[in-house]
Amino acid sequence: MIARLVAVLLLSTVFLSACGGGGDSRSPDRPALSIDPSTLQLEFIGGTVLPGTGTSKISARMLARTTDGVELGPFKVITERVEWSLAEGLGVPPEAEIATDNNGQMAFRETVRNGIVVDILSTERLSITAPAIASSLVGTFVKAGSEYSRSGNFTIVPPTPDGQPKLVGQTTILLDPLNPNDSQTSGYRLLQYFTNTTIAENLTHTVVICSSDSSLAAIAENQPVSQSDGEVDVTFSNPFSADGDNPPHSVTLFAIDGDSNNDCVGAVSDGVRELEVVLTPGTFTTAEICTVINPPAAPCDNAGFLLPELVESCRGLDSDSIQVPAEQRLQFAARLKYNRDNNPEQTSEVFVCNDNGAPSWSASSDIIFSSEPPIDPVQGFATTIDRFAYRDLIELTPSPSSTVTGNFGSADALQDDLRLDLVAARVDDVKIVRIDGVNNDSNGPDTLYINSFIDGIAYRALCRFAEIDGGEGPYEVCPQGSVTWSSSVPTTARPVPEQGVETLLTAQPNAQEATLNLTATYIASDEPVTASRQVNAVDPGELVELRMFMVSNADEPDTLNVDPFACVGRLEVVDTLSAGTQYLQGGQQFEVFALFEHAGVATTPQAWLDDPKSSESMLIPVTGEDEIRFSAIPGFWSGSWADIPACQTAIPEGTGLDDITDQTGGIVVSPTNGAASFSSDHKGLLGRRWSTAPEHDLRRCLPGRK
């Protein structure tokens, strides 16, 4: 039994729909999350240059994504689950080593902003003329008995001092004249800076820090401090009074060698390792808190002040609430305003992250935070839940929020609240892709045919989400309802619908040709992100021809052959094919292309028929259009019965059935029982109809057809 195929252009339209199923990431049949070793990323914290001072260190961590076998989760820090080692090539003794504890076991260090890290320590002080030493840190993760390694290169450089060591710390101390017991404690360090690395060497443990006036600046006891402490606390007392003239006071802090005088008695400054600190009278009047979203690794200086370049991006000032995205780091700060005592009309302000080490920050609820505690009570640092947890949370709590409180004094004016309304995660980028895959490598431009039966172009929006722990995530389908669409020339074409992950750019009636931009905007988070794709709207003119093609080789599904007819009936769907062709089992795919008037030819050139998808071809694929219908006409292959073998749709009058079967070598099934029909689920796919014709009969209908 055979079938002759016809593509019909219908002027009527029909409604098509499709549906799909399957469990999402919350389905009970999905496996538990585990580390995906292919996503491992080794990341150095603060650079890859280790000063060869004998006391310096650099840090690193390992990141990886989790997966349930279907979806990838966000990056997480897995440093402590990794075996760490340094590459061979270091000297004896080695110039660097991985930090260990007192028992010789690898020591990991937990940080507020970067999670758990591993430290590489400089163990030998290199001479200034020594060559730099290149080495590598290797991290190995084991899963199911298999090892997965990542390595990162770092360099040990000889220290090149940049001048003399410097005493560093807060240089302006604000004290309230209305509070005689007001005081402030701040930490100070002696640092040696270098010209060939941004990492300074902390020398505080080698000196004793003294004060030029201990009544104003009292130095903590038990100096020199240990190398692990690396900081000396100085407590400043209030010299100002409410009823007096209060000019600023200055005091000099200076460092002396630690083995010369550990109690500062009779000590004097060498004029180099010293720092002037100014005590300024000021009355704090108000506190307003704000937050920096996705701050740098060190958003606050050593004295606890917010970096000046971050002040403008601190959100929430003069507002009761702000939106914060899921999967982001947050650094809170307080804008403290104060009046200078010698000029009450002059108001100044400072932005502080912490109140001299005192607990100042709290949150009313931990529902939106992944950090523990929800907000660091001293440093004011927090992390919001990832986008997967957010997706689950909003099903139970549609508008999750938490109120953060900053407390910088006993007066009500020095306390402030800020409500955080959690919204969807930020995206780094949005990309528009055609659902049919055309031109996606080049991001267009696309061609939209207007004033014709050809439907619009279907598009999908992909999002690349911002990663909380660094790294660049993959593009994935944006969440439902998170994207809006617009056209720069809506009178020519507009997206339908205008909100959703997918849209159909639809030509408008009596449209004019134009070049337009299709724009997708991610609106689910606190900052919108847009992407555009250029589309050329072209009027193809009147329809000239329809041409049918067939996919004849399963190994080359994109290669089409002109189809004068096709015979169906074996286990394979066959036509005249060259030796070695891989037949398509049980079905045959057909495609339809249209020639329109704008091509400027009366009939399709042979070159376009040979390759309808070539860049030179002006044939337009129309297989999926609603107006295209496929039908299969029952018949049989004539074999040697006809002078020219051909598809037959009826037995010629006066010809006996036995005569035909003798010549064809097989059984001729009645043409009314079609051997094949077109699929209702996959347009253009012709499949066998076993219910109509048994397999052995169909095989005998096509003897010798290869």
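We did not get these values from a lab; they are worked out from the coordinates using the rules stated. Since this is a predicted model, take the numbers as computed values, not measurements. Glycine also receives a Cβ, built like all others from the backbone with ideal geometry; neighbour counts cover every protein chain displayed.
For this structure, a couple of remarks:
- Length gained when the stretch Glu372-Leu396 is fully extended (0.36 nm per residue, less Cα-Cα span): 6.5 nm
- Stretching Ala99 away from Asp318 to a fully extended chain increases their span by 74.2 nm, per 0.36 nm per residue minus the current alpha-carbon distance.
- When the square roots of the Cα gyration tensor eigenvalues are ordered a ≥ b ≥ c, the ratio a/c for region 283-423 is 1.5 or more and a/b exceeds b/c, which makes its shape prolate.
- Inter-label distance, nm, simple model (7 Å from Cα along the C-beta direction), Asp263/Gln534: 8.2 nm
- Gain in span if fully extended, Ala607 to Glu110, counting 0.36 nm per residue against the direct Cα distance: 172.2 nm
- Partners for Lys683 among lysines (Cα-Cα distance below 24 Å; same-chain residues under 8 apart left out): Lys613
- Annotation note: GluC sites (Glu not before Pro) in region 64-115 located in DSSP loop regions with a Cβ neighbour count of at most 15 within 10 Å are Glu71, Glu88.
- Residues His249, His598 arranged by fewest to most Cβ contacts within 10 Å: His598, His249
- Where labels lie 7 Å past Cα in the beta-carbon direction, separation of Asn294 and Arg419 in nm: 2.6 nm
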